[in-house]
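> Can you keep this structure in mind? I'll have questions shortly.
What follows is calculated from the coordinates using simple rules that are stated; it is not laboratory data. Computed from a predicted model, the values in this text were never measured in an experiment. Heads up, the Cβs are rebuilt from the backbone with ideal geometry, glycines too, and the neighbour counts pull from every protein chain shown.
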Amino acid sequence: MPINIPKNLPAGEVLRKEKIFVMEEDRARTQEIRPLNILVFNLMPEKEKTELQLLRLLGNTPLQTNVTFLNTATYTSKNVSKSHLELFYKTFDEIKNRRFDGMIITGAPVERMEFEEVNYWDEITRVMDWAKTNVTSSMYICWGAQAALYHHFGIGKFELPKKCSGIYGHVITDLTVDLVRGFSDEFLAPHSRHTDVSIDEIRNHPDLRLLSYSEDAGAFIIQSKDTKHIMITGHLEYDATTLADEYHRDVAKGEPVDIPVNYFPNNDPSKEPKNTWRAHSHLLFYNWLNYYVYQETPYDWHFVEENEEDQIEYHI
């Protein structure tokens, strides 16, 4: 089934070349089908690259999906044109009266700051609080995962002695959980961050389940026991060359960075890296959309149960 995107979105041309079924909004409106509505709060600096990475994964399922991109109103991104944001992005005030089946909050280049020091922190917490009753299930990536763990569960972050960057091996703690259904016992995934969260705090939290971790990179896949919150501390959505781009960028800035672990062939940054995590990235998003979004979301958001006794009508 197709992924429905705004007309003329630059990522659309690449997706079509990759044989991903893309449908623009005008045609999608003629389809007699209830698509999934996914909100993507894109906080990454290179927004167009992140759009493509996420759309590629969201478009590889049998489910028809509408995607709405959300941008901060309290901060203007410096790495994307104003026209791109005006054409393809909404602000929270423009969508706050809608309901979404799923939401993704991406990473952001602010991890070394205290959460409350981030100039759009109030806006993010407002979105996360709104999502509790307006979104069926939310996925948070990298810094987004740390923000969710802090805001929803009181788990803070700490700075690492050196950047965690590379491709790390991970294990699954419980293969019967739907989110990791079909995963290998061990698999690879990218990480790129200067901070981490306590794996012991996650294991001991009464409302969280640690589904996957790495001996070297720490906690990786975490879900709330009510399945409304999925935290991914790494970057399964990354392309093969994303870590290389980050590494060469930091080297050009003169920053003291190590070569990403287990990434470049023969540990040589002049050689092109391979994508060794693609299958599990697709599987994670497929499982999330199927088991946590599609199978759990109300068919008609006009009627949502507030509790077992009462039912409230919401007008969209």
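> Working out 0.36 nm times the residue gap between Asp226 and Gln295, then minus their Cα-Cα distance, what length gain in nm do you get to one decimal?
Contour length minus the Cα-Cα distance gives 23.5 nm.
> Find how many whole Å separate the alpha carbon centroid of the stretch 234-279 from the alpha carbon centroid of the stretch 107-135.
Computed from Cα coordinates, the inter-centre distance equals 27 Å.
> Right, here's the next one. Mind giving me the FRET efficiency for Arg112 and Ala73? R0 is 30 Å, r the Cβ-Cβ distance, nearest 0.05 is fine.
Efficiency at R0 = 30 Å is approximately 0.80.
> Ok, one more. Using per-residue counts of other Cβ atoms within 10 Å, averaged over each peptide, order 36-46, 136-146 from highest down.
136-146, 36-46
> Run the numbers for Leu175 and Val251: contour at 0.36 nm per residue of separation, minus the present Cα-Cα distance, in nm.
Separation in residues times 0.36 nm, less the Cα-Cα distance, equals 23.4 nm.
> Among Lys17/Lys78; Lys157/Lys253; Lys96/Lys225, which pairs are too far apart, with a Cα-Cα distance over 31 Å?
none
> What does the C-alpha gyration tensor say about the overall shape of the stretch 189-255? Classify as rounded when a/c is under 1.5, otherwise prolate if a/b is larger than b/c, or oblate.
Taking the square roots of the gyration eigenvalues as a ≥ b ≥ c, the stretch 189-255 is prolate.
> Apply 1/(1 + (r/R0)^6) to the Cβ-Cβ distance of Ser83 and Arg126, taking R0 = 22 Å, and write down the FRET efficiency to the nearest 0.05.
0.25
> Computed from these coordinates, which is Cα extents along the principal axes in Å: [x] 112, 45, 39; [y] 52, 44, 39; [z] 56, 45, 40?
Among [x] 112, 45, 39; [y] 52, 44, 39; [z] 56, 45, 40, the one calculated here is [z].
> Phe158 to Ser270: extension gain in nm, 0.36 nm per residue of separation minus the Cα-Cα distance?
37.1 nm
> Sticking with this one: Which whole-Hz ³J(HN,Hα) couplings does the stretch 194-211 yield from phi under the Karplus relation 6.51 cos²θ - 1.76 cosθ + 1.60, θ = phi - 60°, glycine and proline marked x?
9, 10, 8, 10, 6, 5, 5, 4, 5, 4, 8, 7, x, 9, 10, 10, 8, 9
> If I take R0 = 25 Å and measure r between the Cβ atoms of Asp185 and Ala240 in this structure, what FRET efficiency does the formula 1/(1 + (r/R0)^6) give, to the nearest 0.05?
0.60
> Moving on to the next point. For the peptides 216-222, 230-236, what is the packing order when you average, over each peptide's residues, the other Cβ atoms within 10 Å and list the highest mean first?
230-236, 216-222
> What 222 nm value per residue comes from the helices of the chain, counting each DSSP H run with n ≥ 4 as -39,500 (n - 2.57) and dividing by all residues, nearest 500 deg cm²/dmol?
After summing the helix terms and dividing by the residues of the chain, the value is -7500 deg cm²/dmol.
> What percent antiparallel are the DSSP beta bridges of the chain, to the nearest 5?
Counting DSSP beta bridges with both partners in the chain, the antiparallel share is about 50 percent.
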